[in-house]
Amino acid sequence: MSEQEQKAPQNTNQIIAERRAKLATLRETGAAFPNDFRRNHLASDLHKKYGDQSNDTLEKDPISVEVAGRMILKRVMGKASFATIQDMSGHIQLYISNDITGESAHAAFKHFDLGDILGVHGTLFITKSGELTIRVKSLRLLTKSLRPLPEKFHGLTDQEQKYRQRYLDLISNEDTRKVFLTRSRIIQSIRAFFEERGYLEVETPMMHPIPGGAAARPFITHHNALNMDFYLRIAPELYLKRLVVSGMEKVFEINRSFRNEGISTRHNPEFTMLEFYEAYQDHIYLMNLTETLIRELAIKVLGTTEISYQGYKINLSNPFLRLSITQAIQKFHPEHTDAQLNDRAYLIKKLEALNISYKPEDGIGKLQLSLFDETTEHLLMDPTFIVDYPSDVSPLARRNDKNPGVTDRFELYITGREMANGFSELNDPEDQAARFQEQVRAKESGDKEAMHYDGDYIRALEHGLPPTAGEGIGIDRLIMLLTDSPSIRDVILFPHLRRED
């Protein structure tokens, strides 16, 4: 029987009190929290190397191992007991007996609790049920757990508690551990993808004297020694383009950015982005590169380009669609004509009928985008590049040579969410200065997300930015896609939440 089956349910405070009493006894013996045990094996490595061997083979030439981990299962059966410990790689079973481990050590083990961290020395064997197990010769209590683990068969079931106490979620939920192992592999693969193509990984400031690089409301902090306010980075874009000016013609950064906006299943105030820039390329090149990147990530990490997100099947090997904002609206809402979608009065009437907010000074491009955001964006389930963004909503993108009213810009949508934003960079310093001035006027009119005028960035452009293409990809949203996670909080180890009280 398990430890939990042997005892009637107890109040958590009672359990903690009993464990504190055990710790007090350990302190009296001087054996509390030792730090002289060194393991030489991980559970998964032992399973991979010896799990398929026969017991006769292991008994003939005994394999001595030292492992350590948290005890998550315990079965006491008189003169012998079984336990399972969990380390960073997985689980392995222990066999503790009077004969091999010794009566006193076995008796001490019976007082250990689930959640305690043990150091174990023993030899490997295969049980009659075929499970690789350590026959324990000696074991030590390395860390006393004062609080009980979640119920072993169900783990944490309250979603908010899983986010607040991620350490317990990771201990008790295999699926959660897999998500974050996958996250690590995705980021490693992204880094390798760009390094293999000659990009230089760089680090740019996280505190900016002027917020820039995106339309977003920043967080503000104060530096005492300089006696000046700084803004937590909303995007690294303007610093990365300064580096392209300097001659670093292919750069990327996996960065933490911060935006003082609402929290939702798609938004967290602190998030991870990939941004990359390459001189002498354009937005078409970026779209092709992005398709290649996402396919390679799926193959490397998942082993397939056929994925499922919340029940919706997506084949990433298919060419990604490319539609303008008006084409996308018409694809899902064919009742709109080209003439209507380019008629300001019609757009305003439609937005008002749908109760979609807009500003009286908004041009046709902003009105089209407002209609797209509210009626169409969430319907773009298959990978789709939305192209030809209006210049009045793209202050950093290069105007299209044939149609100056739009820019050489795209956004990538998958599962109804924006995944990436890229464009041919605006490298005309006079045009950029004028666009910044437009943003300043918008800010003065009450737009809290409008950009500031960045004089030093203009000065950098005046030294000459080569023709350049740049893009930002939301890593958290990409990981949501590749791990079939419904909320951004599921892929961030410690998401921001309201105060617990």
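Worth a mention:
- Helical contribution to [θ] at 222 nm, DSSP H n ≥ 4, -39,500 (n - 2.57), averaged over the chain, rounded to 500: -10000 deg cm²/dmol
- Semi-axis lengths, largest first, of the ellipsoid equivalent to the range 127-211 are 38, 22, 15 Å, with √(5λ) applied to each eigenvalue of the Cα gyration tensor.
- Rounded percent of accessible protein surface that carbon and sulfur make up, the range 179-294, 1.4 Å probe: 52
- Scanning residues 5 or more positions from residue 322 or on other chains, those with amide H under 5 Å from its amide H are 385, with H placed 1.01 Å from N in the peptide plane.
- Qualifying GluC sites (Glu not before Pro) in the range 244-312, DSSP loop, other Cβ atoms within 10 Å at most 15: 261
- Here the simple spin-label model places points 7 Å from the Cα toward Cβ, and for residue 131 and residue 14 these points are separated by 2.9 nm.
- Rounded to whole numbers, the Karplus 3J(HN,Hα) couplings from phi for the range 268-277 are 9, x, 10, 8, 10, 10, 9, 10, 8, 9 Hz, using 6.51 cos²θ - 1.76 cosθ + 1.60 with θ = phi - 60°, and x at Gly and Pro.
- The magnitude of the dipole of the range 318-406, with charges of +1 and -1 set on the Cβ of Lys/Arg and Asp/Glu and taken from the Cα centre, is near 200 debye.
- Relative contact order of the chain, pairs being alpha-carbon contacts under 8 Å that are 6 or more residues apart, as %: 12
- The order of the peptides 298-304, 125-131 by mean Cβ neighbours within 10 Å, most packed first, is 298-304, 125-131.
- The alpha carbons of the range 316-383 give a radius of gyration and a Dmax of 12.7, 43 Å, in that order.
- Bridge orientation summary for the range 91-162: considering DSSP beta bridges with both residues in this region, about 75 percent are antiparallel.
- Net length available on complete extension from residue 496 to residue 226 is 94.3 nm, with 0.36 nm assigned per residue and the Cα-Cα distance removed.
- The range 54-168: proportion of alpha-carbon pairs further apart than 22 angstrom, %: 36
- Dividing the convex hull volume of the alpha carbon atoms of the chain by its residue count gives 214 Å³ per residue.
- A Förster radius of 22 Å combined with the Cβ-Cβ distance from residue 339 to residue 366 puts the calculated FRET efficiency at roughly 0.75.
- Estimated inter-spin distance, residue 174 and residue 437, nm [label 7 Å along Cα→Cβ]: 6.4
- Packing-based ranking of 356-363, 107-114, 384-391 yields 384-391, 107-114, 356-363, ordered from highest to lowest mean Cβ neighbour count within 10 Å.
- From the C-alpha gyration tensor of the range 246-391, square roots of 5λ in Å: 31, 20, 18
- Across the range 52-60, coupling constants 3J(HN,Hα) worked out from phi with the 6.51/-1.76/1.60 Karplus curve, θ = phi - 60°, read 9, 7, 7, 5, 4, 5, 5, 6, 5 Hz, and Gly and Pro carry x.
- Rolling a 1.4 angstrom probe over the protein heavy atoms with all chains in place gives the range 173-285 an accessible area of 47 Å² per residue.
- Kirkwood-based shape ratio for the range 1-103, expressed as Rg/Rh from alpha carbons: 1.02
- Of the peptides 214-227, 366-379, the ranking by mean beta-carbon count within 10 Å, highest at the top, reads 366-379, 214-227.
- Restraint check, 359/443; 22/110; 22/162, Cα-Cα greater than 22 Å: 22/162
- Fraction of the pair-distance distribution of the range 110-251 above 28 Å, Cα-Cα pairs, percent: 56
- Rounded to the nearest 20 debye, the dipole magnitude of the chain is 2100 debye, with +1 charges on Lys and Arg beta carbons, -1 on Asp and Glu beta carbons, and the Cα centre as origin.
- Radius, Kirkwood style, for the range 354-432 when every pair of distinct Cα atoms is counted (Å): 13.4
- Under 5 Å, built H, 5+ apart or other chain: amide partners of residue 219: 232, 260
- The label point for residue 266 and the one for residue 355, both projected 7 Å from the Cα toward the Cβ, are 2.0 nm apart.
- Length released on extending from residue 143 to residue 202, taking residue separation times 0.36 nm less the Cα-Cα span: 17.3 nm
- Residues of the range 218-243 with amide N under 11 Å of a point placed 7 Å along Cα→Cβ from residue 463: 242-243
- The lysines within cross-link reach of residue 48, meaning a Cα-to-Cα straight distance under 24 Å and a gap of 8 or more places when in the same chain, are 60, 74, 128, 137, 178, 300.
- Nonlocal amide H pairs with residue 89, under 5 Å, H built at 1.01 Å: 43, 44
- Extended-chain gain in nm, criterion 0.36 nm per residue less alpha-carbon gap, residue 123 and residue 219: 29.0 nm
The values are calculated or read from the model by the stated rules, or taken from the named source; none is laboratory data. Worth saying up front: this structure is predicted, and the values here are computed from it rather than measured. Positions of Cβ are backbone-derived with ideal geometry, glycine not excepted, and every protein chain shown enters the neighbour counts. Surface areas here come from the heavy atoms of the whole protein model, side chains and all, with no ligands, DNA or RNA. Shrake-Rupley method; radii C 1.70, N 1.55, O 1.52, S 1.80 Å.
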